[in-house]
């Protein structure tokens, strides 16, 4: 109940600011700009936190078409994880519309090579695995 009253008084305060002279409107714009900056910083922090947790769990999310740049990123991550701890399993989560056959075969061969070296690599499809991604 108190939260509802507090929320209403906060809304009333914002409405009062919006109806006051331009100086208050400028203050409100500046506050909104600061808020946007803080939200952007929080989003970047969250992105890094999620990426770090996926690196720690050794989960590579392949969510793009299969092209040269995306397979190189994937191969780099898989190779690094395998070098750091060859015994620990790696998971690839695949959601891709497919793409270039040559690049797809290069990634397939690389995964096969890592498996021959003892790497435990599981591949799960979440969503779509079409064309070369299948």
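The residues of the range 100-134 that are in a helix (DSSP H, G or I) and exposed (fewer than 15 other Cβ atoms within 10 Å of the Cβ), listed by number, are 101, 102, 105, 108, 109, 112, 113, 115, 116. Of the helices (runs of 4 or more DSSP H) that lie entirely inside the range 1-99, those containing 2 or more residues that are under 18 Å from the mean Cα position of the chain (by Cα), at pLDDT 75 or above and surrounded by 10 or more Cβ atoms within 10 Å (Cβ to Cβ) span 22-57, 68-84.
The values are calculated or read from the model by the stated rules, or taken from the named source; none is laboratory data. Computed from a prediction, not measured in an experiment: that's the story for all the values here. A quick note on method: Cβ atoms are made from the backbone with ideal geometry, for glycine too, and the neighbour counts reach across all protein chains shown.
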